[in-house]
1. If you go through the stretch 173-211 one residue at a time, how many are away from ligand 1 (no atom under 16 Å from the Cβ) and touching a residue at least 60 places away in the same chain (Cβ under 8 Å)?
2. Please verify whether the stretch 95-111 includes one or more residues that are modelled with pLDDT of 95 or more, away from ligand 1 (no atom under 11 Å from the Cβ) and under 28 Å from residue 346 (Cβ atoms).
3. On the given criteria, is residue 118 more than 16 Å from ligand 2 (Cβ to nearest atom) and touching a residue at least 12 places away in the same chain (Cβ under 8 Å)?
4. Looking at the stretch 63-105 only, could you name the residues that are surrounded by fewer than 20 Cβ atoms within 10 Å (Cβ to Cβ) and within 14 Å of the chain's Cα centre (by Cα)?
Ligand SMILES: NC(=O)c1ccc[n+]([C@@H]2O[C@H](COP(=O)([O-])OP(=O)(O)OC[C@H]3O[C@@H](n4cnc5c(N)ncnc54)[C@H](O)[C@@H]3O)[C@@H](O)[C@H]2O)c1
Ligand SMILES: O=C(O)C[C@H](O)C(=O)O
């Protein structure tokens, strides 16, 4: 039986849990309470989501709370994290959730993290390109990466914020400036392109999308998104018309969603799904699992460009192997040239911004 002392200690803990100290908006914070269950510390990884109250951030937070590899989940945003954190913390899964609000709490949110996922920033509206988001999102990503440099320089960083083709080079420059850059640990998330490609190819082939794997290389915008339909698994072939249809649909998948949402933002739910699929692969790599291979936009020597998305093998140190493009057909070779031309400018734009 519990002693009286233990019982009142437990009630005090529960009451602290139900009545968390909430500080003022202007002041530092909300939801600073230490969750008592964090003490024992389940085996697992510590993950932070920056932009956790957003359209991607919320479902991403929910799905990461369900991931058995995660023991601690930090939710950071400049708005609304108390509500999102309170809500998600009631899920009866293992990860302990803590919320952090506003830039005063960024460092606390980041300290000790193994993986940081960044979906912070504005999304597109119809008629915009991803590059139109640069002026706002470049600064957001820069500030967040400065925090990472200081508080968790060894963390794996997954950049979702657009334009990914520029925000990843920005992150790299920030890390270089801080003297902590390890290219193996910085990954631009292009998983949604693969998810879409698997879905659209499966539709054409009449297969279950879970059985299909399409490598998508290059970058994450328009013609820089290059699906390698000649390398689809299971092996298959497409007519010229199917190739044209699939390439165009995969390259314009983001725009398809932006237009359907008609001003209410861009892909959030499929992106959260893709982000968790990718984060889970990073965590399995960190754990030491063998053969974890996904596509990502990383520092690369596969082409003459400093960054390029290809299939990479994920391990304890992040990106441990970068696979070459493999044999391309004529259609893909032409696509590659177009992709490289646009990518070069986007990468340069990010680097120039960060070096200013
Ligand atoms: N890589 C991809 O495949 C992919 C897919 C979809 C969307 N995106 C991009 O992801 C980003 C977010 O999209 P969304 O739909 O979630 O947008 P959203 O506006 O719904 O959410 C963004 C969140 O970021 C927060 N935020 C803004 N400034 C911040 C800062 N300085 N620090 C922390 N948080 C901050 C906002 O408060 C908001 O909660 C956009 O740039 C979008 O283009 C990328
Ligand atoms: O298209 C967008 O603006 C969001 C994202 O990059 C996507 O591919 O859905």
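1. 6
2. yes
3. no
4. Within the stretch 63-105, 63 is the sole residue that qualifies.
The values are calculated or read from the model by the stated rules, or taken from the named source; none is laboratory data. Bear in mind the structure is a predicted one, so any value in this text is a computation, not a measurement. Quick reminder, even Gly has a Cβ in these numbers, built from the backbone with ideal geometry, and neighbours come from all protein chains shown.
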